[in-house]
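Report on the following structure.
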Amino acid sequence: MNPHVVTGVKGRRVWDSRGRPTVEVEVDLAGGAVGRAIAPAGASTGSGEAIDLRDGGDRLGGFDVQTALGNVNGEIRLCIAGMDATDQAGIDQALIELDGTQNKSRLGGNATIAASMAVAHARAAAAGVPLWLYLGGEGVCTLPLPEIQIFGGGAHAGARIDIQDFMVVMPGATSFDEALAWTAEVYRVAGKMMDEAGKLQGVADEGGYWPAFATNEEGLELLVQAIERAGLVPGEQAAISLDIAATEFCHDGRYKLALEERELDSDGLGELLVSWVDRYPIVSIEDPMSEDDAVGMRRFTEAVGHRVQIVGDDFVVTNADRIRAAANEGACNTALIKPNQAGTLSETHAALTAAREAGWGAIVSARSGETEDVTVAHLAVGWGVAQLKVGSFARAERMAKWNEVLRIEEHLADRARFVGASPFASLVGAGTKWI
Ligand code: PGA
Ligand code: ZN
């Protein structure tokens, strides 16, 4: 018998970093290989994402996943049992057709992505290699630039401040290991500075410090100081990356910065962000405008897309068609790649391909609700994606991903190529010294 035939599919309820239920799927192959994967969950989700199917009602805040698990243990098991796990595209297509909706709302994107990723892990296990090596083959050697949150706001911190992620990247580092070590210093120093200022109030959902700031811009000021106090040169060794997650504070076309009691239109928000780009060593801005504000996104990209990476998250939701459409309109120049936004691994890869064909950059990303599952680390390396975003430098569900890339870097040894500043090579005049 073909050892790669799927013989078992089991869904089980496990728990994520917010203490909420989520879907784990375990896939058995005829030859004895087993693969396992867990669906993550977003809090600041785009409306175009694959649906994270929850039971609703009162129990567990409505977050239970019994319906999604029933789909895994019922229809999904019947559908993919007997299929060949080396045919990821065929299995994913079967899942897409079985679901039959545009957004996986019938089976649940949480059920389908966990099943799809578990199949990938099973076939890698059957080959006796880690997933990154199975996906990329022996030629794989690129280690991504980690994008690491220092302060967490927006939907991940009870809207304490409006901006969601204040992150650092280390384009001046020479290895992934060094980038993490530098980030560890910045994270430690930032925590000390928060403490000294009487502002240390624990951490937000992704492990970044809870942002006890008077203004959104205070996060930028503190970040630059923390980089300097960590002994790094801002704009040379270390730079700033922001996820504005503007969909979260956009209402009826107006952007409400609640912290500052200000309301801006699309142009006003664009001007504010450009003024930050002018004054701080910012190399990347994600979702600067709301998912509905295509005009604003295009205008902002026109204005500063040559100076900073403009990342579409809610705006393109890991969807190949949306990425192509955005690229045609000149909105964004980089795609955030979140597998559970797509719902299958094949659709996730199709989104990455669309981004590459458009000449865009790409960032593989985890979600704010995470677990010990490290699939995204394997996808980033295996697919040769130059950037990886998984939250902060604390909490085991985040560190599990960073540590997994460290192991891969060690395995690659002399062959390892850390991307460094190359994701930003085409950007000009951002006040940074490597471009
Ligand atoms: P989410 O946030 O996982 O809560 O959607 C992450 C992001 O916006 O990038
Ligand atoms: Zn985002």
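The residues of segment 261-282 that are in a strand (DSSP E or B) and more than 16 Å from ligand 2 (Cβ to nearest atom), listed by number, are Arg262, Glu263, Leu264. It is to be established whether one or more residues within segment 290-305 are farther than 14 Å from Asn216 by Cα, surrounded by fewer than 21 Cβ atoms within 10 Å (Cβ to Cβ) and basic (Lys, Arg). Looking through segment 290-305, at least one residue is farther than 14 Å from Asn216 by Cα, surrounded by fewer than 21 Cβ atoms within 10 Å (Cβ to Cβ) and basic (Lys, Arg). Thr174 meets each of the listed conditions (1) crowded, with 16+ Cβ neighbours inside 10 Å; (2) in contact (Cβ under 8 Å) with a residue 60 or more places away in the chain apart from (1).
Residues are listed down the side, and each one gets a yes or a no for (1) away from ligand 1 (no atom under 16 Å from the Cβ); (2) free of Cβ contacts under 8 Å to residues at least 40 places away in the same chain; (3) within 20 Å of Ala120 (Cβ to Cβ):
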residue: Glu357; (1), (2), (3): yes, yes, no
residue: Ala366; (1), (2), (3): no, no, yes
residue: Val381; (1), (2), (3): yes, no, yes
residue: Lys389; (1), (2), (3): no, no, no
residue: Glu404; (1), (2), (3): yes, yes, yes
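For segment 193-245, a tally of residues being closer than 28 Å to Tyr255 by Cα, more than 16 Å from ligand 2 (Cβ to nearest atom) and part of a strand (DSSP E or B) returns 3.
Only residues that are under 21 Å from Ala33 (Cα atoms) and within 24 Å of the chain's Cα centre (by Cα) were counted in segment 56-90, giving 2.
Kindly indicate the residue of segment 141-155 that is out of contact with any strand residue (DSSP E or B) (no Cβ under 6 Å at 6 or more places or on another chain) and closer than 15 Å to Phe213 by Cα and also surrounded by the fewest Cβ atoms within 10 Å (Cβ to Cβ) among those meeting that condition. That would be Gly154. Would you confirm, using the coordinates I've provided, whether His378 is closer than 23 Å to Ser47 by Cα and either crowded, with 24+ Cβ neighbours inside 10 Å or not polar (S, T, N, Q) (or both)? Spelling it out, it is not the case that His378 is closer than 23 Å to Ser47 by Cα and either crowded, with 24+ Cβ neighbours inside 10 Å or not polar (S, T, N, Q) (or both).
Do you know which residues across segment 169-189 are among the aliphatic types (A, V, I, L, M) and under 14 Å from Ala394 (Cα atoms)? Of everything in segment 169-189, those that are among the aliphatic types (A, V, I, L, M) and under 14 Å from Ala394 (Cα atoms) turn out to be Leu180, Ala181, Ala184, Val186, Val189. As a summary of the residue check, Thr371 satisfies the conditions (1) under 17 Å from Met117 (Cα atoms); (2) part of a helix (DSSP H, G or I) except for the one numbered (2). The number of residues in segment 169-184 that are assigned to a helix (DSSP H, G or I) and either in contact with a helix residue (DSSP H, G or I) (Cβ under 9 Å, 6 or more places away or on another chain) or closer than 20 Å to Ile282 by Cβ (or both) comes to 6. Here is the figure for segment 173-191: residues that are more than 16 Å from Ala226 (Cβ to Cβ) and not aliphatic (A, V, I, L, M) total 5. Just one of the listed residues (Ala179, Ala204, Ala190, Ala246) is surrounded by 23 or more Cβ atoms within 10 Å (Cβ to Cβ), touching a His at 6+ places or on another chain (Cβ under 8 Å) and assigned by TED's automatic domain parsing to the domain that holds Gly158, and it is Ala204.
Candidates Arg324, Arg407: the one that is over 18 Å from Gly48 (Cβ atoms), of a type in the set (Lys, Arg), more than 16 Å from ligand 2 (Cβ to nearest atom) and in a helix (DSSP H, G or I) is Arg407. Kindly indicate whether Thr7 is at pLDDT 95 or above, surrounded by 21 or more Cβ atoms within 10 Å (Cβ to Cβ) and hydroxyl-bearing (Ser, Thr, Tyr). For Thr7, the condition - at pLDDT 95 or above, surrounded by 21 or more Cβ atoms within 10 Å (Cβ to Cβ) and hydroxyl-bearing (Ser, Thr, Tyr) - is not met. Against the test of being surrounded by fewer than 20 Cβ atoms within 10 Å (Cβ to Cβ), within 30 Å of Arg54 (Cβ to Cβ), modelled with pLDDT of 95 or more and touching a Lys or Arg at 6+ places or on another chain (Cβ under 7 Å), the options Gly158, Gly100 yield a single qualifying residue, Gly100.
For segment 293-316, taking the residues that are over 20 Å from Pro171 (Cβ atoms) and under 20 Å from the mean Cα position of the chain (by Cα), the one that is farthest from ligand 2 (Cβ to nearest atom) is identified as Met297. Residues that are within 16 Å of ligand 1 (Cβ to nearest atom) and either surrounded by fewer than 24 Cβ atoms within 10 Å (Cβ to Cβ) or aliphatic (A, V, I, L, M) (or both) are absent from segment 226-239.
This table checks each residue for (1) more than 18 Å from Ala350 (Cα to Cα); (2) in a loop (DSSP other than H, G, I, E, B).
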site: Ile51; (1), (2): yes, yes
site: Val72; (1), (2): yes, no
site: Ile76; (1), (2): yes, no
site: Ile113; (1), (2): no, no
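Checking each residue of segment 339-346 against the condition of being touching a Pro at 6+ places or on another chain (Cβ under 8 Å), modelled with pLDDT of 95 or more, away from ligand 1 (no atom under 16 Å from the Cβ) and not aromatic (Phe, Trp, Tyr) gives at least one match. Across segment 246-260, the qualifying residues are those that are part of a strand (DSSP E or B) and not aromatic (Phe, Trp, Tyr), and the one among them that is nearest to ligand 1 (Cβ to nearest atom) is Cys250.
The values are calculated or read from the model by the stated rules, or taken from the named source; none is laboratory data. Keep in mind that what you see is a predicted model, and the values were worked out from it rather than measured. Using ideal geometry, Cβ is built from the backbone for each residue, glycine included, and neighbour counts are taken over all protein chains shown.
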